Amino acid sequence: MLKTPAARNQKDIVTALPETGPDDVEIDPMLLDRVLGLCDTGTRPTVVLAESHDDRLLRAAGVLAEAGLRPVLIGDRDTILRRGERLGVGTLDGWTVEDPAALAAGAPGERIRRRAERKHRHLQEQWLHDPVFLAAAAVGEGIADAAVAGADRPTADVIRAGLAIVGLAPDSSVLSSSFLMKLSDGRYLGFGDCAVVPVPDDEQLAAIAVATARTFTAITGQTPSVAMLSFSTAGSAQHADIDTVRLATQRIHSTCPSLDVDGELQFDAAIVESVAKSKAPASAVAGHANVLVFPNLAAGNIGYKIAERLAGAHAFGPLLQGLAGPINDLSRGASVSDIVNVGLITCLQALTPTTTEPTFTEK
């Protein structure tokens, strides 16, 4: 079921995984290696898959359990067992099934009631019966480490649950998103923001850049090199939109002096060394950026789709940034492989704050 050479070489439960077959799930080996490496001597993270009525989520839970993680499904245990048998997923070894009524009656439900009390009292009962909100509440209460939702729900629903139930992190001023892009040559890039903030001002753009750098590092372990993208490089044009990028870059230099960031840079100057030498010879980022921050949502959304559809890049995301707990969205067209890989990414976001030192620090 699990298809990655790296996985079959692990000196733990993964060594017992079956050989590949017609229903193989493609797991990104870097993601699996990172998760298993970070929790090698500790407890494996729990990740809630909110929409257990969807067969894709059930299959993904089986794969994550095979990999040694602890998937949590919300639903009726007997029903899930029967469906698992029908799908050939196997037993519930390594899984947890949480009854939605029990969650609503316990700490997650209390959290939902508290959060709904002020502004959303009329939605309280709806939220208490919504698995996406229950999943968010389980993360908020520390019952689960991470949550993944959105297989049959719009991104707005997942964002709404995250903001309403978990809220923003103490050091976060804006909720944004990024994509982890795996290029055809095996390189990884971070793209932000491609799904949430339509027209960021300079303060929001700076926050998006820092959050995207943190997300990229949490997932890959690589030191971020951040390019603030525009249609100008180092003053080659003048426009109000370029001013926003410049101001955002200045903000980051002031608040995160150890973060390697430069802007404004055109895309080619950011990633092509020969172009960088011509257009931005003094830049420490130009030519080798691995985190690309787009000036607005239109550019980011179009950019990641071009990379995916024309260049054959694999896009993981949208990955939500700025919440007080790791919750990520799924495309409604997500494959089982997509769900498994986003589950691993979300676990990495849960693992890294306490298991690794950041590669850059704020003042």
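The values are calculated or read from the model by the stated rules, or taken from the named source; none is laboratory data. Model, not experiment: these values are computed from the prediction. Methodologically, a virtual Cβ is constructed for each residue, glycine included, from the backbone with ideal geometry; neighbour enumeration extends over all protein chains shown. Ligands, DNA and RNA are stripped out before the accessible areas are found, and what is left, the full protein with its side chains, is counted by its heavy atoms. Shrake-Rupley method; radii C 1.70, N 1.55, O 1.52, S 1.80 Å.
A few comments on the model shown:
- All positions within the stretch 221-244 that are under 17 Å from the mean Cα position of the chain (by Cα) and either open to solvent by 10 Å² or more (accessible area, probe 1.4 Å) or of a type in the set (Asp, Glu) (or both): Gly221, Gln222
- With respect to (1) under 24 Å from the mean Cα position of the chain (by Cα); (2) modelled with pLDDT of 95 or more; (3) open to solvent by 40 Å² or more (accessible area, probe 1.4 Å), the lone exception for Leu247 is condition (1).
- Residue that is within 14 Å of Thr215 (Cβ to Cβ), surrounded by 21 or more Cβ atoms within 10 Å (Cβ to Cβ) and among the small types (Gly, Ala, Ser), where the choices are Ala276, Ala350, Ala313: Ala350
- Residue in the stretch 166-202 that is most open to solvent (accessible area, probe 1.4 Å), counting only those that are out of contact with any strand residue (DSSP E or B) (no Cβ under 9 Å at 6 or more places or on another chain) and over 19 Å from Ile306 (Cα atoms): Pro170
- Residues in the stretch 203-220 include at least one that is more than 20 Å from the chain's Cα centre (by Cα) and open to solvent by 40 Å² or more (accessible area, probe 1.4 Å).
- Failed condition for Val47, given (1) among the β-branched types (Val, Ile, Thr); (2) crowded, with 21+ Cβ neighbours inside 10 Å; (3) free of Cβ contacts under 8 Å to residues at least 40 places away in the same chain: (3)
- Residues of the stretch 56-80 that turn out to be open to solvent by less than 50 Å² (accessible area, probe 1.4 Å) and free of Cβ contacts under 8 Å to residues at least 60 places away in the same chain, as a count: 7
- Residue among Asp185, Asp268 that alone is more than 18 Å from the chain's Cα centre (by Cα) and either in a helix (DSSP H, G or I) or in contact (Cβ under 8 Å) with a residue 60 or more places away in the chain (or both): Asp268
- Residues that are among the hydrophobic types (A, V, I, L, M, F, W, C), in contact with a strand residue (DSSP E or B) (Cβ under 9 Å, 6 or more places away or on another chain) and more than 18 Å from Ile252 (Cα to Cα) within the stretch 217-236 comprise Ile219, Phe231, listed in sequence order.
- Applying the criterion of being at pLDDT below 90 and not in a helix (DSSP H, G or I) to the residues of the stretch 70-90, the residue that is farthest from Asp152 (Cα to Cα) is Gly90.
Conditions (1) surrounded by fewer than 18 Cβ atoms within 10 Å (Cβ to Cβ); (2) touching a residue at least 40 places away in the same chain (Cβ under 8 Å); (3) of a type in the set (Lys, Arg), marked per residue:
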residue	(1), (2), (3)
Leu297	no, yes, no
Ile306	yes, no, no
Leu320	no, yes, no
Asn328	no, yes, no
Ser331	yes, yes, no
